[in-house]
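No lab work stands behind these numbers, since they all come straight from the coordinates. Computed from a prediction, not measured in an experiment: that's the story for all the values here. Cβ placement follows ideal geometry from the backbone for every residue including glycine, while neighbour counts extend to all protein chains displayed.
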Amino acid sequence: MSRRSLDDVDRRIIQSLRADARRSHQSIADVLGVSEGTIRTRIRRLVDDGVVKFSTVRNIAGAEALSLAYFWIRCDRSLLSSVALELSSMPAVGYVASLLGRADLLAIVAQQDAAELRRYADDTVRCLPGVTDVRIEPIVEMVKLDVAWGLVAGAARSR
């Protein structure tokens, strides 16, 4: 993954995507005064460099009953990267971060209900090589979810 510096056009593209990630390349190009091809190429580079990540909400049967939980995971620190990568590959896991503090990793997991969250922790996450403990905290109510925050970390690393 390349760590190129962001220029003004890159920053303006990111701002445009933050405002509305569904905008067409042409509409962004019109506002920025560059070609549609420039926008397409720049967005592809920003995605390839990990600065921008597009995500969608999956259509899950019974999504209205979907339960989310924080999984605070302790693991053998020598296996931290492999545990994090394995968690990242799981469709039920929407977020993984390495931490300093009460846990080594934090994952946000989606299941149909609390019983499924418990089963997922016991039958899937705790079975990963290197995992020593999993604490579950169900999310009772999502007050704010700002997907633009995913852009902040990538942009900071590129400077």
Compute log10 of I(q)/I(0) for region 65-138 with the Debye formula, placing one identical point scatterer on every Cα and leaving out solvent, at q = 0.13, 0.17, 0.23, 0.26 Å⁻¹, to two decimals.
-0.31, -0.53, -0.98, -1.26
What the Cα atoms of region 8-54 span along the principal axes, largest first and in whole Å, is 25, 19, 18
With +1 on the Cβ of every Lys and Arg and -1 on the Cβ of every Asp and Glu, the dipole magnitude of region 65-138 about its Cα centre, in debye rounded to the nearest 20, is 160
Considering Cα pairs under 8 angstrom that are at least six residues apart, work out the relative contact order of region 65-138 and quote it in whole percent.
47
